Amino acid sequence: MATQHNDYYLPTGDLVLQVEDVLFKVHRHFLIQDSSVFRDMLNVPPEEGRPASEQRPIILQGDSVQSWSLYFGLYYSRGPFYTGTPNLSTEEMVAVLQVAHKYCMDKLQKDIVNFMTDSGYGTPQLVHLLVAARLIDDQELEKLALTRLHAIRSPPTLEEARMIGIEGMHSILEAVITAHRSSNRDYGF
């Protein structure tokens, strides 16, 4: 049995979504505005003339409640005309980026990537940038993140290495070894 989201089950909402075992009742306007997938989906007449309801929600498979909560927070917590810097960590931005990429929210995806690219050059920010690049399959962004990670010469923590994954860590190690060979610096290899 699904439960209503504490913040985003709105009495005036006109669309019910189910993510995991949580129901969101929100305004379709934001989804139609942001997402070509939802725009197409919501322009199709509902089965039997009945819109999505608590008894018949639109079920979003493979998504997380956290990602959707953060997405709706961009609108409801700050208002629809919010244009300032989002008050999200880079880790939270990656969570929203998962939704933006999956549902073709191109402007939001671009805004998140631009913000993350400019948000800092510490290892945690760059690890999240690398994770984001791999999520959206952006090889240029991945190369930028790897180059910046190599430049700061601060290895990722074990937790960050887990986030990056084996392929990402291999790319980092490969960049370090290549730089070592080309500059004859001693990195301990």
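The values are calculated or read from the model by the stated rules, or taken from the named source; none is laboratory data. All of these numbers come straight from a predicted model, not from anything done at the bench. Reconstructed Cβ throughout: ideal geometry from the backbone, glycine too, with neighbour counts over all protein chains shown. Calculation scope for accessible area: heavy atoms of the full protein, side chains included, ligands and nucleic acids excluded. Shrake-Rupley method; radii C 1.70, N 1.55, O 1.52, S 1.80 Å.
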Would you point out the residue of region 11-20, among those that are over 19 Å from Val96 (Cβ atoms) and not polar (S, T, N, Q), that is surrounded by the most Cβ atoms within 10 Å (Cβ to Cβ)? Val16
Candidate set: region 89-105, residues that are outside any helix (DSSP H, G or I) and farther than 20 Å from Ser119 by Cα; chosen: the one least open to solvent (accessible area, probe 1.4 Å): Met105
Those residues of region 130-158 which are charged (D, E, K, R) and within 29 Å of Met105 (Cα to Cα) amount to Arg134, Asp137, Asp138, Glu140, Glu142, Lys143, Arg148
Picking from Thr147, Thr85, the residue that is at pLDDT below 90 and either assigned to a loop (DSSP other than H, G, I, E, B) or open to solvent by less than 40 Å² (accessible area, probe 1.4 Å) (or both) would be Thr85
Can you run down the residue pairs with Cβ atoms below 6 Å, 6 or more apart or on separate chains, where the first is in region 35-52 and over 13 Å from Leu15 (Cβ atoms) and at pLDDT 90 or above and the partner is surrounded by 10 or more Cβ atoms within 10 Å (Cβ to Cβ) and aromatic (Phe, Trp, Tyr)? Val37/Tyr103
Are there any pairs with C-beta distances below 7 angstrom linking a residue in region 110-138 that is within 15 Å of Glu159 (Cα to Cα) to a residue that is among the small types (Gly, Ala, Ser) and assigned to a loop (DSSP other than H, G, I, E, B), with the two at least 6 apart or on different chains, and if so which? Thr123/Ser154; Gln125/Ser119
Take Gln66 and decide whether it is of a type in the set (S, T, N, Q) and open to solvent by 50 Å² or more (accessible area, probe 1.4 Å). yes
